[in-house]
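The values are calculated or read from the model by the stated rules, or taken from the named source; none is laboratory data. Only a predicted model underlies this, so the values are computations on that prediction, with no experimental measurement involved. Every residue, glycine as well, gets a Cβ built from its backbone with ideal geometry; the counts of neighbours run over all protein chains shown.
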Amino acid sequence: MKLHNPNFPASCSTHVHMILLFTITLLCLQPATFFATSTNETDHLVLLKFKESIADDPYGILSSWNDSIHFCNWYGVTCGRHHGRVTTLVLEGHKLRGTITPYIGNLTFLRAINLQNNSFYGEIPKEAGHLFRLRHLYLSSNTLGGEIPTSLTNCSELRVMVLESNKLFGKIPMELGSMTKLLALVVSTNTLTGGIPPSLGNLSLLVNFSVAYNNLEGNIPESIGHLKSLSVLKVGINKLNGMVPSSLYNLSSISTIDFVFNQLNGALPANIGLTLHNLKLFEIGENEFFGPIPSSLCNASKLQILDVGGNNFVGSVPTNLGYLLDLEHLRLSYNNLGRDLGFLTSLGNCSKMESLTFRSNQFEGVLPNSIGNLSTQLNALKFGDNQISGMIPTALQNLINLNSLEMDENLFIGVIPTYFGKFQKMQGLDLSGNKLSGQIPSSIGNITQLVQLNFSRNNLEGSIPPTIGNCHSLQLLDVSQNYFSGVISLQVFSLFSLSLLLNLSCNLFSGELPVEVGNLKNINSLDISENNLSGEIPTTIGNILNLEELHLQGNSFEGIIPSSMAYLKGLELLDVSRNNLSGFIPKGLEKLLFLKYLNISFNDIEGPLPTIGVFKNVDATSIIGNNISFVGAFHNYNYQNAPKLQNQESLLLLEQ
């Protein structure tokens, strides 16, 4: 007789069987072990496992991943029309945070994975190596760690592997050289070490090889020069050294070469422009290349970016570079190039040029008027640290779209042209270290977008024009080491945007330091040393809460050191030496935890010396030339060993 449970409906029997089947399937579905018998239900379960591994889905894009619709209609999922299996998984740019489940290896019909621009962490599961139909793997811009799994070499159909901008470490597996269908191998911006495997020279179809921004070392393998299909080669910002294989310069298909910031050396082949005639980007800056710049580069007529800066190139700049009509960026800086500036005339043909830099070379002579024929699209012109002389040419005013102009450390004479006020888009202007004279033109106030302005180390005189107050974006102002005189314009202290530096040192400014100095609440460094300022140090100086360096030495300040200086919690350097200050040292100074250097020497300060903070460090404090009672660390103070705190020369922090 068949036993029957009256409390167990017959209809439930089928339901129980389904639950058992689901459970058994789930138990059987271990990572990458379900190949022979995988079904579309397998894919369904894997996707659920993938969803479980997501810790955060801020946009809720996986909310559709439920049984209300078929999984082939879930967001980011595509299935094959005939077999109903998952073929692509695209979830790019949705800020998903989580790990990549190892169960993904069971999506055996998968041809493309795109999880770029998310926050996946953990390792790339080795089970991904079982995706034998996979052609495209995009995992860039996540925080994936671990090593590149060698199991990926089992994905023999893989065409594109993009793993850049993660935290991968270890070596580039030499086994990748067996993936002969690979078109793109992009592993830039990780922390990979070791060398470039010579086996990668077997990837005869490779078009894009990018390993920049890692810690790779050794030579560029000669076998890379066998990649006849190579178009993009990026190995910049590593620790590679030695000579570039000559075979690489014969890859006529190549359009992009990025060697920057390595220790590569050698001379460029004389015929480089003939063999690499498809070049669009040639960046070899910050290496150890030497010899002349080949004139044959003019034959690479598609060149858009040419960067040979930071090497040991010598000789003159080829005048035929003007044939590069698509040239947008030319960087020649930090070499030993020199002689005349005739190449500037030919560059007038480069109507698309946006930046031209040739600073820190040995160019000399007068800046030709032909500089005014450069492209009106030019936004950056940098030729500081040469021996260029003469007056600033009038023709320069034609470059009305300049954003950055660096003419520092040359031999320019004459006055600052009033037409500089036409440079409405200018953000960085550096004329420091020349022999310019006269006054700052009031038209400088028309450059309202100025961020950094450096006129230091010239022979300028007069006063800072009140129109400087119109420069509401100014973060750095340096007019030190000139002959400016009179009272400091109050408009200087209305520049609330000043955050990096205000340097008025080594001039002839007189009068009192106005209380408005306290308006500069955001500034990091204030230097008004070596002037003829008098009166008391205003207490409002304690309002400059972001101050890290304060130079007041070499003036005629009198009265006490304001106790409000104790509010400058981030102060690292304070120099009030060689003034006429009196009274006691404010006890609050000993509570300035970041104060590393203090110079109060040669004043009339008296009383006991504080004993904690910077005052505990004899080598960091100078107190000679006062009437101070020595206690604590200064009990046996040796005047001969007193630190000499020098006025630090300011630098214009413009992009080089």
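Checking the condition among the β-branched types (V, I, T), closer than 26 Å to I537 by Cβ and either outside the structural domain of E558 (by TED's automatic domain parsing) or touching a strand residue (DSSP E or B) at 6+ places or on another chain (Cβ under 6 Å) (or both), which residue from I468, I488, I464 passes?
Values: I468 fails: either outside the structural domain of E558 (by TED's automatic domain parsing) or touching a strand residue (DSSP E or B) at 6+ places or on another chain (Cβ under 6 Å) (or both); I464 fails: either outside the structural domain of E558 (by TED's automatic domain parsing) or touching a strand residue (DSSP E or B) at 6+ places or on another chain (Cβ under 6 Å) (or both).
Criteria check complete, one pass: I488.
Give the number of residues within the stretch 80-93 that are surrounded by fewer than 18 Cβ atoms within 10 Å (Cβ to Cβ) and either within 18 Å of L144 (Cα to Cα) or touching a residue at least 60 places away in the same chain (Cβ under 8 Å) (or both).
The number of residues fulfilling the criteria is 3.
Of the conditions (1) part of a helix (DSSP H, G or I); (2) buried (at least 19 other Cβ atoms within 10 Å of the Cβ), F412 satisfies every one except a single condition; which number is it?
Tallying (1) part of a helix (DSSP H, G or I); (2) buried (at least 19 other Cβ atoms within 10 Å of the Cβ), F412 fails exactly one: (1).
Do any strands (runs of 3 or more DSSP E) lying entirely in the stretch 427-500 carry at least 1 residues that are at pLDDT 95 or above and among the acidic types (D, E), and which ones are they? Spell out how you get there, then give the answer.
On the way: elements: 428-430, 435-438, 452-454, 459-462, 476-478, 483-486.
Answer list for the stretch 427-500: 428-430, 459-462, 476-478.
Restricting attention to the stretch 368-392, which residues are at negative phi, surrounded by fewer than 16 Cβ atoms within 10 Å (Cβ to Cβ) and either assigned by TED's automatic domain parsing to the domain that holds L450 or out of contact with any Ser or Thr (no Cβ under 9 Å at 6 or more places or on another chain) (or both)?
Listed by number, the residues that qualify are Q387, S389, M391.
Scanning the stretch 501-526 for residues that are part of a helix (DSSP H, G or I) and either of a type in the set (V, I, T) or surrounded by fewer than 18 Cβ atoms within 10 Å (Cβ to Cβ) (or both), which turns out farthest from the chain's Cα centre (by Cα)?
To start, the set of residues in the stretch 501-526 that are part of a helix (DSSP H, G or I) comprises 515-519.
Next, only the ones that are either of a type in the set (V, I, T) or surrounded by fewer than 18 Cβ atoms within 10 Å (Cβ to Cβ) (or both) stay: 515-518.
Working: V515: 38, E516: 35, V517: 33, G518: 32 Å.
Selected residue: V515.
Looking at A32 and the list (1) more than 23 Å from C155 (Cβ to Cβ); (2) modelled with pLDDT under 95, which single condition is not satisfied?
Status for A32: all satisfied but (1).
Here is a check on your reading of the model: is S529 surrounded by 16 or more Cβ atoms within 10 Å (Cβ to Cβ), touching a Ser or Thr at 6+ places or on another chain (Cβ under 8 Å), more than 26 Å from N482 (Cα to Cα) and hydroxyl-bearing (S, T, Y)?
Details: surrounded by 16 or more Cβ atoms within 10 Å (Cβ to Cβ): yes; touching a Ser or Thr at 6+ places or on another chain (Cβ under 8 Å): yes; more than 26 Å from N482 (Cα to Cα): no; hydroxyl-bearing (S, T, Y): yes.
Taking the combined requirement at face value, the residue does not satisfy it.
Go through the stretch 344-372 residue by residue and tally those that are part of a loop (DSSP other than H, G, I, E, B) and farther than 16 Å from L306 by Cα. Break it down into steps so the answer makes sense when it comes.
To start, the set of residues in the stretch 344-372 that are part of a loop (DSSP other than H, G, I, E, B) comprises 350-354, 358-361, 367-368.
Then keep just the ones that are farther than 16 Å from L306 by Cα; that gives 360-361, 367-368.
Qualifying residue count for the region: 4.
Can you pull out every residue in the stretch 142-186 that is crowded, with 21+ Cβ neighbours inside 10 Å and among the acidic types (D, E)?
Selection gives E164 alone.
Yes or no: the stretch 533-542 includes at least one residue that is under 20 Å from S622 (Cα atoms), in contact with a Ser or Thr (Cβ under 9 Å, 6 or more places away or on another chain) and either in a loop (DSSP other than H, G, I, E, B) or outside the structural domain of I464 (by TED's automatic domain parsing) (or both). Steps first, please.
We begin by selecting, within the stretch 533-542, every residue under 20 Å from S622 (Cα atoms); these are 537.
Right, trim to in contact with a Ser or Thr (Cβ under 9 Å, 6 or more places away or on another chain) and you get none.
No; the residues of the stretch 533-542 include none that is under 20 Å from S622 (Cα atoms), in contact with a Ser or Thr (Cβ under 9 Å, 6 or more places away or on another chain) and either in a loop (DSSP other than H, G, I, E, B) or outside the structural domain of I464 (by TED's automatic domain parsing) (or both).
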